[in-house]
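The values are calculated or read from the model by the stated rules, or taken from the named source; none is laboratory data. What you see is a predicted model, and the numbers here were worked out from it, not measured in a lab. Neighbour counts are summed over all protein chains in view; Cβ atoms, including those assigned to glycine, are modelled from backbone coordinates with ideal geometry. Surface areas here come from the heavy atoms of the whole protein model, side chains and all, with no ligands, DNA or RNA. Shrake-Rupley method; radii C 1.70, N 1.55, O 1.52, S 1.80 Å.
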Amino acid sequence: MYLQLCKEGGVEPQESVVALLQESRAAHSSRLDLSGHSLSTDTCTILARSFQKDAVFTEVSLSDCMLTEEGIKVLLAGLFHNTSVKCLDLKGNNLRSTGAEVLGKLLGCNKTLLRLVLEWNALGVWEESFSLFCDGLASNNTLTHLDLRNNQINHQGASELALALRHNSTLEELDLRWNNIGMLGGRSLLEGLQKNKSIVQLEMAGNNIPCDLLKALEHTTGHNAEREFTLRESHNKTYVLSREIQTLKEEKGRQFFSLMETIDRQKEEMGRSSRSTSAQIAQLQEALNERKSAINALAAKLQMTEAALALSEQKTQSTGDLLSRMEAEREEQKEQQSRLRKKQEEEKSLREGKLHREIQNLMENNGQLRNKVEELECRCKSQQQQVFELKQEHTNSTAELKMRLTKAEDRLESEKRRSKRALEDMEGLRHKEVEHISQRLEETEKALQERIFKLEAQRIHLEEELSRTKAASVTGWAQAEEELGNVRAQMRLKEQERVSSLEEKLRSLRSSMQAMQLHCSQQKQAISELQAKNSHQSIEMDGLRRWIEELQQ
């Protein structure tokens, strides 16, 4: 097809492409690997026309092909209505605005593509083009894996992608490593993922996103994975139950048909026996009529007629014996049918017991889910208590810092006659104290008691250093006053920075609390949905029981 289209379009076929096509045909492979081969615009047009008619290749790799904007536009246009390609690799082609727009159209038109690799491109540089790409992703209903590593996506592109994820319901794996998403982009993605129920794996390394946001994103994806797992288990259980019910229906139908067939056979046998007896009775009546006529005609032959009558009586006795035997056989057949019915009723009772056990297992699973919900609520309460404790620690630490500042100012005013060396030592020690205090504020959740002991040790060390510097402070009063003013300004700035950092931490904790509350509400909704499904399944089971009872009747 490629050579024919090149001949029709007057284009010289590319030897590397022809060789790769021949290799794939010889190997009977469904994968076309053109990675590393530079493709011209004419070659791209011919390949696009061939992709429109192709139904062989399910995987196409065009990584590092140095495609031009016109070439990628034509090539992707040929894949709009393709029904065989399920995996497309466009890694390292430096796709820009035109490529992003055409990719958005491809995602909106194509209905068979499952995996799309776009690593090492520049789709996020132009915001309008990337928004068109996100619109196509939002309208797509088949794509399950998307790779957008190293595409220079900023926080605005991440917000557009989050809007697309709100409307997409099939994407399961998304790779956004090594972009420029940042904290704002991470928050927008977290908001979008809270409404998305399909993504179970999200890679966000190398995006300058804080650890708490990364944990929240992992938590949302983990919740989606758990939800998907529970849905699959429930679907499997319902499928197994429906199959068992269907088998029970089929078995009941077969038993019913077998009973009807046995009844029909018995009816046929009864008809045949009645016909044979009626024929025998008719023959006997004919013999009696002949004998009566013989008696009327031949009165002299009475002895012969009496003998004939005796013979006829013997025949009637034999017919009576035959009739009694037939009745005995009928009673035996009735007993056999009653035994069969008893066996069928026992099998029905055993199957109903199995169904009751499965229903009990489902009720136990519901109880386990309720226990999980209670555990999550306990965790939320414990986190609220931790937040309250952190606030108290913040107030205590600010009070301690103010007290220490006042003590330091008093000591500095009383010790203005120190030397330069003593002041430099003091600055170094104060810098060390500031570093220790900042480390202590960041590690408040881990070691509160250890931090108090360290501060007491630092205070003792500072007092020892102050006692040493008192003996050596003789010169440098004016310089000491200037340096004291600088130190005071620095301490005030650092206090403001600490307060701002603590406020940011409190905000992040509040956002995490809100996320946990949202997660709890989502889990409650999922539990209510499962309870509704369980009630619906119990209603269906009741209907099936009624139907089984009707069939038994």
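Once phi is turned into θ = phi - 60°, what whole-Hz ³J(HN,Hα) does the Karplus curve with 6.51, -1.76 and 1.60 give for every residue of the range 4-13, x standing for Gly and Pro?
5, 5, 5, 5, 5, x, x, 10, 6, x
Rolling a 1.4 Å sphere over the protein heavy atoms, what is the accessible area per residue of the range 214-279, to the nearest Å²? Let's see the in-between values first.
Numbers: 4650 Å² over 66 residues.
Dividing the accessible area of the range 214-279 by its residue count gives 70 Å².
Within the set of other residues whose C-beta is less than 13 Å from the C-beta of ALA100, count the net charge using Lys and Arg as +1 and Asp and Glu as -1.
Neighbour charge sum, excluding ALA100 itself: -3.
How do CYS211, CYS134 rank by accessible surface area computed with a 1.4 Å probe, from largest to smallest? All intermediate terms of the calculation are to be shown ahead of the outcome.
Details: CYS211 95, CYS134 0 Å².
Result, largest first: CYS211, CYS134.
Just to verify a number: what accessible area does LYS494 come out at with the full protein assembly present, 1.4 Å probe, Å² rounded to tens?
Result for LYS494: roughly 50 Å² accessible.
Quick one: angle between helix 127-139 and the longest Cα principal axis of the chain, in degrees between 0 and 90, rounded to 10, please.
20
Given a Förster distance of 60 angstrom, what is the FRET efficiency for SER467 paired with LYS197, based on the Cβ-Cβ distance and rounded to 0.05? Please list the in-between numbers first.
On the way: r = 67 Å, r/R0 = 1.11.
Efficiency, from the Cβ-Cβ distance: 0.35.
Is the shape of the range 32-124 best called rounded, prolate or oblate, per the rule: a/c under 1.5 gives rounded, else a/b larger than b/c gives prolate, else oblate, with a ≥ b ≥ c the square roots of the Cα gyration tensor eigenvalues? Before the final figure, lay out each step's value.
Values: a/c = 1.37, a/b = 1.20, b/c = 1.14.
In terms of gyration-tensor shape, rounded.
With a 1.4 Å probe and all protein chains kept in place, how do GLU445, GLU286 rank by accessible area, largest first? The partial results should precede the final answer.
Details: GLU445 140, GLU286 115 Å².
Ranked from most to least accessible, the order is GLU445, GLU286.
Would you mind telling me the share, in percent, of accessible area of the range 386-501 contributed by carbon and sulfur at probe 1.4 angstrom? All intermediate terms of the calculation are to be shown ahead of the outcome.
Numbers: 4150 of 8160 Å².
Its accessible area is 51 percent carbon and sulfur atoms.
Work out, step by step, the length gained on full extension between ALA26 and ARG357: first 0.36 nm times the residue separation, then minus their alpha carbon distance; give nm to one decimal. Numbers along the way, then the final one.
Working: separation 331, 0.36 × 331 = 119.16 nm, distance 5.67 nm.
Length difference between fully extended and current span is 113.5 nm.
Can you work out ³J(HN,Hα) from phi for every residue in the range 159-174, in order, using Karplus 6.51 cos²θ - 1.76 cosθ + 1.60 and θ = phi - 60°, giving whole Hz and x for Gly and Pro?
Calculated HN-Hα couplings, in order: 5, 4, 5, 5, 4, 5, 5, 5, 9, 7, 10, 10, 5, 10, 10, 9 Hz.
Would you check the accessible area of LYS354, probe 1.4 Å, heavy atoms only, in square angstrom rounded to 10?
The value for LYS354 is about 130 Å².
May I ask you to give the solvent-accessible area per residue for the range 399-510, in square angstrom, as obtained with a 1.4 angstrom probe?
On the way: 8010 Å² over 112 residues.
Dividing the accessible area of the range 399-510 by its residue count gives 72 Å².
Note the listed values (1) 34.0; (2) 35.3; (3) 50.9, then indicate which one is mean projected area of the Cα convex hull in nm² calculated from this particular structure.
Matching entry in (1) 34.0; (2) 35.3; (3) 50.9: (3).
Find out how many positive minus negative residues lie around MET326, taking Lys and Arg as positive, Asp and Glu as negative, among other residues whose Cβ is under 12 Å from that of MET326. Please list the in-between numbers first.
Details: positive: ARG272, ARG325, ARG330; negative: GLU269, ASP321, GLU327, GLU329, GLU331, GLU332.
Here the charged neighbours net out to -3.
Once Lys and Arg get +1 and Asp and Glu get -1 on their Cβ, which of ALA77, LEU284, GLN496 lies farthest toward the positive end of the dipole of the chain?
Towards the positive end, the residue furthest out is LEU284.
Taking the Cβ of ASN154 as the center, what net charge do the other residues with Cβ under 14 Å away carry, scoring Lys and Arg +1 and Asp and Glu -1? Please report the intermediate quantities before stating the final value.
Working: positive: ARG187; negative: GLU127, GLU128, GLU160.
So the surrounding residues net to -2.
Are any of the pairs LYS372/LYS533; LYS249/LYS372; LYS249/LYS342; LYS215/LYS524; LYS105/LYS197; LYS432/LYS505 more than 28 Å apart by Cα-Cα distance, and if so, which?
Working: LYS372/LYS533 18 Å; LYS249/LYS372 37 Å; LYS249/LYS342 18 Å; LYS215/LYS524 21 Å; LYS105/LYS197 24 Å; LYS432/LYS505 23 Å.
Too far apart for the 28 Å limit: LYS249/LYS372.
About its Cα centre, what dipole magnitude does the chain give when the only charges are +1 on Lys and Arg Cβ and -1 on Asp and Glu Cβ, stated in debye to the nearest 20?
Details: 79 positive and 87 negative charges, 226 e Å.
Rounded to the nearest 20 debye, it is 1080 debye.
Helix 211-297 sits at what angle to the longest principal axis of the chain, using alpha carbons and giving 0 to 90 degrees rounded to 10?
Value to nearest ten degrees: 0.
For the range 286-332, give the percent of accessible area contributed by carbon and sulfur heavy atoms, probe 1.4 Å, rounded to a whole number. Before the final figure, lay out each step's value.
Values: 2150 of 3920 Å².
Of the solvent-accessible surface of the range 286-332, carbon and sulfur hold 55 percent.
Let me know the charge dipole size of the range 178-336 about its Cα centre in debye, to the nearest 20, where only the beta-carbon of Lys, Arg (+1) and Asp, Glu (-1) is charged.
Values: 22 positive and 24 negative charges, 76 e Å.
For the range 178-336, the charge dipole is close to 360 debye.
Of LEU171, SER40, HIS223, which is farthest on the positive side of the dipole of the chain, counting Cα position, with +1 on Lys and Arg Cβ, -1 on Asp and Glu Cβ, and the Cα centre as origin?
In the chain, that residue is HIS223.
Which listed residue (ALA19, ASN371, ASN208) has the Cα farthest towards the positive end of the charge dipole for the chain, taking +1 on Lys and Arg C-beta and -1 on Asp and Glu C-beta about the Cα centre?
Sorting the options by dipole projection puts first ASN371.
Could you please state how large a percent of the accessible area of the range 40-141 is carbon and sulfur, counting protein chains only and using a 1.4 Å probe? Could the numbers behind the result be given before it?
Numbers: 2150 of 4170 Å².
It is 52 percent, rounded to a whole number.
With every protein chain left in place, what is the accessible area per residue of the range 307-397 in square angstrom, probe 1.4 Å?
Per-residue accessible area for the range 307-397 comes out at 81 Å².
Quickly work out the LYS494-to-LEU214 label distance, labels modelled 7 Å from Cα along the C-beta direction, and quote it in nm with one decimal.
About 2.9 nm, to one decimal.
How would HIS394, HIS536, HIS461 line up by accessible area, probe 1.4 Å, largest first? Don't skip to the answer; put the middle values down first.
Details: HIS394 40, HIS536 100, HIS461 80 Å².
Result, largest first: HIS536, HIS461, HIS394.
What do you get for the angle between helix 97-109 and the principal long axis of the chain? Use alpha-carbon atoms, 0 to 90 degrees, nearest ten.
Between helix and principal axis, roughly 20 degrees.
Could you check the simple spin-label distance between GLN458 and GLU233, using points 7 Å along Cα→Cβ, in nm with one decimal?
5.0
Residue-wise, which Karplus ³J(HN,Hα) couplings in Hz belong to the range 310-318, taking 6.51 cos²θ - 1.76 cosθ + 1.60, θ = phi - 60°, and x for glycine or proline?
4, 4, 5, 5, 4, 5, 5, 4, 4
First measure r as the distance between the Cβ atoms of LYS407 and CYS380, then evaluate 1/(1 + (r/R0)^6) with R0 = 41 Å and state the FRET efficiency to the nearest 0.05. Please report the intermediate quantities before stating the final value.
Details: r = 41 Å, r/R0 = 1.00.
For LYS407 and CYS380, the calculated efficiency is 0.50.
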